[in-house]
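Heads up, the thing below is written out as structure tokens.
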Amino acid sequence: MKFSELGLKDAILSAITELGYEAPTPIQSQSIPYLLENDGDLIGLASTGTGKTAAFGLPLLNKIDIDLRSTQGLIICPTRELCIQISKDLEAYSKNLRGLNVVPVYGGTDIVKQIRQIERGAQIVVATPGRLIDLINRKKIKLGEVEAVILDEADEMLNMGFKEDIDAILEQTPDHKNVWLFSATMPKEVARIAQTYMVDPFEITVGGKNEGNKNIEHHYYVVKERDRFQALKSIIDFNPNIYGLIFCRTRRDTAAVADKLMAGGYNAEPIHGDLSQAQRDRVMDKFRNKTLQILVATDVAARGIDVNDITHVIHYQLPEDVENYTHRSGRTARAGKKGTSIALINTKEGRKISSIEKIINSKIELRKVPSTNDIYETQLLSLVDGLTEVEVDVTRIEKFMPLLMEKLEDYSKEDLIKRFISTEFNKFLDYYDNARDLNAREDSSSGFGRDDFGSKRKGGRDRDRDRRDDADKQRFFVGVGKQDGFNHGALLRLLCDNTGMNKGNIGKIDILDKFSFFDADKKETENILKKMQGVDFEGSKLNVEKTKGGEERGSAKRSYGSPRGERSERPRNERSDRGDRNERSDRSERPRRERPTSGANKGGSTERSSRKRSYKN
Ligand code: AMP
């Protein structure tokens, strides 16, 4: 199929031709004609990198009425990076559509500027949920004319705790709108959104439901815990042309792995929550333009990383949450390319691999950590390839040739090869000559049950965690609660983003109406108090404190060491400005709009046929 057969406007076709897109990807050839010809909802199940942005972006652009200034298309996505990427893509696709404005709105940057851009007229808004809610609360964005809402990476948004935000946003949009939902996986929560907000959606699945990208090869290596880093090095050395993304679970491990790689002379850098936005942007730019070969990242920092040509994703540690394996691996094999996902596991983690295999519906192959000999051979061949492919600037070297020939005249061809190769190769000889075999055997007697990873069953590990909870956990107070739009996911996200902890460090969470509590590893107390104090939650600066003694551990479900009525004694979060405070109290008293029930929507065939469209076709 050709793009010209899909029914897109010439102005759009010329822009994608300029981008070098020759033929539509599978998701594009299925969704574009459907969305152009039908006035309906759509679910697109496809992994990242399959061309989803154009799959929804091109028909959306085709349908926008440029003569109207109102917001007709609303795209909601999980991260700032993705928000920027989608906006850039849409701008490129619409460069020949004069008068069409795409405005990205995301947190962590000047909201006033974004408001100004919206006020100038944005037919398409691309937004992250938190910032969009903020704009809605400030009454700075009108969604009453929205014709299509696109939920991109819906599973990732729910993973990040945006469920309530998405509900609240969708409530602000007209009932007759279309919802186009894109997701790599279809967990229950995504199905619930589909059921609640969509009418008889057309479903497109590329590569099978919950199935990983077929262009990704999945490998795993079993090593002793202490050999993890050596094994990583061997794998990198065995893949000299790697352009790779390495995932670690915590900010600390991320920094440590990157430090050790850099000290070993590798072109690697970390990206994690301890870096400022400017530092993260700088690292991402280097990685994107390939001056950086290896990026070591936490799951949180890597969200939305949208870089083509990544050859390897390495799970230095498996993700805490099994769904994250798909998200991590999906960073390679984008746009029809091939890629490899490599997991390093210790002898007790074998069962986790079978759990992941079930989710991705694909085999993960056990591989042997390359031997010294294999690494030597690969490196030597790579050096030779480098020699044969190097461009020789004859004119500049020519005049030095007599001198060089004279200096080298006593060496045979063999001697010369050995010497040139050794200038690069000696570092491997030094390192690997005393190397051990790093392969370990899986421990079949390990305590992991088959569904220990990600299951609801209380296995030994969960029981241990519960037991540990009481002794090793500290309880904390946070001065925001349900009334402020705070929820479980938001708290987890803020903790993981700002402290570098992962879910494993966090225990029980209680979100009450006006404030919240959570348990976390005692050893993280200073870290939490330092990093969470004053963190921004939708315009509020968070106040986080230790609760007193152990008393709240049992009773905190109700209050902060005092009866509910005495709450006013607790320090509240500072608002970042007065306007915010007014907005916030407005919001808590604002009557909630009724959410359409799935039943109401389901019976909507007449409603569907009477939907009034304002798009120009
Ligand atoms: P996406 O899944 O939308 O992030 O797209 C992944 C990458 O594929 C992006 O770099 C797009 O520019 C590129 N891409 C999307 N559609 C096509 C196409 N039909 N032909 C070539 N490249 C494409």
Ranking by accessible area, most exposed first, for ARG228, ARG367 with a 1.4 Å probe: ARG367, ARG228
Column: log10 I(q)/I(0), Debye, Cα scatterers of segment 355-407, q = 0.15, 0.17, 0.23 Å⁻¹: -0.73, -0.80, -0.90
A 1.4 Å probe over the protein heavy atoms gives segment 269-403 a carbon and sulfur accessible-area percentage of 53
Viscosity 1.306 mPa s, temperature 10 °C: what is the translational diffusion coefficient of segment 217-269 from Stokes-Einstein with a Kirkwood Rh over Cα pairs, rounded to a whole number of µm²/s? 133
Å² per residue, accessible surface of segment 3-211 at 1.4 Å: 35
Quick one: what do you get for segment 3-211 if you divide its Cα Rg by 2.2 N^0.38 Å? 0.94
Return one whole number: the accessible area per residue of segment 248-407 in Å², for a 1.4 Å probe. 49
How much accessible area does TYR34 have with a 1.4 Å probe, in Å² rounded to the nearest 10? 40
Honestly segment 167-288 on the Cα gyration tensor test (a ≥ b ≥ c root eigenvalues; a/c under 1.5 rounded, otherwise a/b vs b/c for prolate or oblate) is just prolate
Using a ≥ b ≥ c from the Cα gyration tensor of segment 294-391 (square roots of the eigenvalues), is it rounded, prolate or oblate, where a/c under 1.5 gives rounded and otherwise the larger of a/b and b/c decides, a/b for prolate? oblate
Would you mind checking segment 216-253 for residues with the amide N under 13 Å from a putative spin-label position 7 Å along Cα→C-beta of LEU381? 238-241
Probe 1.4 Å - accessible area at ASP415, Å² to nearest ten: 60
Share of carbon and sulfur in the accessible heavy-atom surface of segment 3-211 [1.4 Å probe, %]: 47
Sort ARG288, ARG252 by accessible area with a 1.4 Å probe, largest first. ARG252, ARG288
Can you sort GLU409, GLU320, GLU424 by 1.4 Å-probe accessible area, starting with the largest? GLU409, GLU424, GLU320
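The values are calculated or read from the model by the stated rules, or taken from the named source; none is laboratory data. None of these values were measured; they are calculated from a predicted model. Virtual Cβ from ideal backbone geometry, glycine too; neighbours counted across all protein chains shown. Heavy atoms of the whole protein, side chains included, go into the accessibility calculation; ligands, DNA and RNA do not. Shrake-Rupley method; radii C 1.70, N 1.55, O 1.52, S 1.80 Å.
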